[in-house]
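Read the figures in this text as sums done on the coordinates, not as results from a lab. Everything numeric here is computed off the predicted structure, so don't read it as measured data. Don't worry about glycine lacking a Cβ; one is built from the backbone with ideal geometry, like all the others, and counts go over all protein chains shown.
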Amino acid sequence: MPTPLPDVPCCLNGEFSRVCDAKVSVLDRGFLFGDGIYEVVPVYGRRLFRFDEHLARLARNLAKVRIPDPHPREQWLRLCRELVQRLAAQTGAEDQVVYIQVTRGVAPRDHAMPPDAVPTVFMMVNPMRPPTAEQRHHGVACVSARDFRWERADIKSTSLLGNVLARQLSADHGAAETILLRDGFLTEASSSNVWVVHEGALLGPPKSERLLEGIRVELLRELCEEVGIAYNLRPIPEADVRSADELLLSSATKEVLAVTRLDGEAVGHGALRGKPGPVYARLYEAYQRAKSRQSI
Ligand code: PDD
C-alpha cells in the first residue's frame, strides 16, 4: 500500500484548493530545473512564528537567484493566515507548518533565465509533526558525512538532491539526521543547523555560503542572551564536534533537539554521556516561552 497523500489545503497562484487537486505545468522550471526558492514557517496556536524573519529570508533568497518577489508582505501574510484557518477548520490542528515555494515559472526548456516568465507561487499547510516525546527525552542519533553538496548552501533552493542524498545516509541507519563536514569543518545537517556545546557555551559555524542561515540561528542567539548562555559563531573543526559536551540540531520543525549519539558513539562526558544536556534543556524551555511572544 503506498503512503496516502495528505489531503490538506494549498494555494497555487492565488487559488485555494486541496493539495491533491492542485496541478502545475510540466514546463514549470521548478519541475525541470529545481529553479525555485522555498520557506518553511512554523505555526503555533494558529499564529505564524517569526513570520517577518522567514519572509525577509524568502525575499533575500529570491533576490539571490533573480526571481521577482511576487507579493508584498501584507498579501503573503493574508495568504498564510487563510491557509492556517482552513487547516484548523478542517482538522482542528493548532500547530502547523506553512510551506511556501516560488519557482521561476513556466517557460520553454532552456538553462538561461527566461526574461518574461511569471513566478509560480505554491503554498501548502500541514499539521506540525514535532519531535516525539521519546526523542525529546532521550535525544536522537545522527551520522556524519562529507558535505558533498554544491557551494551555495546559503540559498534556500528547491534543488535539494544533495540534501536528499545526505538525509538518506542517516535514514538508512535509522538515524534522525546527517551532520555534514566540509574540508574538516562542520557546516550543517541535511535539513537542520548544528550546534556544539563546549564549556557551557553554544557554538555554531559562522555565516557563509556553505550553510543555510537558519531562522533559529538568530533566535538561539536571542535565547542564549535571555538565559545567560555564551553564544559564539566560529569555525568548528571535526574534532570539536566529536568531543562536544552536547550536540544540538535546530530547524523550523525540530525547534532545538539534542543529539545523543553520533556515528554510534554516545555524545558528551561523565554522567551526561548519551543524554540530553543542561544547555539543551534551558534552550528548549526558552524556545517554548518564545512561541507565544513571537507569533503573529
Ligand atoms: N529545513 N539547514 C538546512 C539545510 C535546512 O534545510 C534547514 C531547514 C535549516 C534550519 O533552518 P530554519 O531554522 O530556518 O528552519 C538549516 C526546513 C525545515 C526544511 O527544509 O523542511
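A few remarks follow.
- Theoretical FRET efficiency, 1/(1+(r/R0)^6), r = Cβ-Cβ of Gln168 and Thr3, R0 22 Å, to 0.05: 0.85
- Mean projected area of the convex hull spanned by the Cα atoms of the range 133-293, taken over all viewing directions: 9.0 nm².
- Taking Lys and Arg as +1 and Asp and Glu as -1, the other residues whose beta-carbon sits under 9 Å from that of Tyr287 total +1.
- Summed residue charge, Cβ within 14 Å of Arg182's Cβ, Lys/Arg positive, Asp/Glu negative: -3
- Two-decimal log10 I(q)/I(0) for the chain, as the Debye equation yields it once each C-alpha is a single scatterer, q = 0.12 Å⁻¹: -0.82
- Degrees separating the helix 161-171 axis from the principal Cα axis of the chain, which is the longest one: 40
- Here the Karplus relation 6.51 cos²θ - 1.76 cosθ + 1.60, evaluated at θ = phi - 60°, turns the backbone of the range 77-91 into coupling constants of 5, 4, 5, 4, 5, 4, 4, 4, 5, 5, 5, 4, 5, 6, 10 Hz, with x for every Gly and Pro.
- Percent of C-alpha pairs per 5 Å bin, the range 131-189, short to long: 4, 18, 25, 23, 16, 10, 4, 0
- Each of Cys142, Cys11 was scored by other Cβ atoms within 10 Å of its Cβ. Listed from fewest to most, they are Cys11, Cys142.
- With a threshold of 23 Å on the Cα-Cα distance, the over-threshold entries among Lys254/Lys291; Lys156/Lys275; Lys156/Lys207; Lys156/Lys254 are Lys156/Lys275.
- Among Leu247, Leu181, a tally of other beta-carbon atoms within 10 Å of each Cβ gives an order, fewest to most, of Leu181, Leu247.
- Principal axis extents of the Cα atoms in the range 223-280, from largest to smallest and rounded to whole angstrom, are 32, 24, 24.
- Dipole orientation for the range 197-296: of the candidates Leu249, Leu203, Gly268, Leu249 has the Cα lying most toward the positive pole (charges on Cβ; Lys, Arg +1; Asp, Glu -1).
- Restricting the trypsin sites (Lys or Arg not before Pro) of the range 77-154 to loop positions (DSSP other than H, G, I, E, B) with no more than 16 neighbouring Cβ atoms within 10 Å leaves Arg109, Arg152.
- Put in order of Cβ neighbour count within 10 Å, fewest first, the listed residues Trp76, Trp150 become Trp150, Trp76.
- Net charge of neighbours whose Cβ lies under 10 Å from the Cβ of Ala107, counting Lys and Arg as +1 and Asp and Glu as -1: -1
- Its Cα centre serving as origin, the chain has a Cβ charge dipole (Lys and Arg +1, Asp and Glu -1) of approximately 360 debye.
- Computed helical MRE - 222 nm, the chain, DSSP H runs ≥ 4 contributing -39500 (n - 2.57), nearest 500: -9000 deg cm²/dmol
- Note on Phe33 and His111: the model spin-label points, each 7 Å out from Cα along the C-beta direction, lie 1.0 nm apart.
- In whole angstrom, the range 9-127 maps to an equivalent ellipsoid with semi-axes of 26, 16, 10, each derived as √(5λ) from the alpha carbon gyration tensor and ordered largest first.
- Dipole of the chain computed with +1 at Lys/Arg Cβ and -1 at Asp/Glu Cβ about the Cα centre; of Phe122, Val65, Leu161, farthest Cα towards the positive end is Phe122.
- GNM result for the chain, Cα springs below 10 Å: residue of Val84, Val26, Val118 fluctuating most strongly: Val26
- Dipole-positive endmost among Gln288, Pro278, Cys10 within the chain (Cβ charges, Cα centre): Cys10
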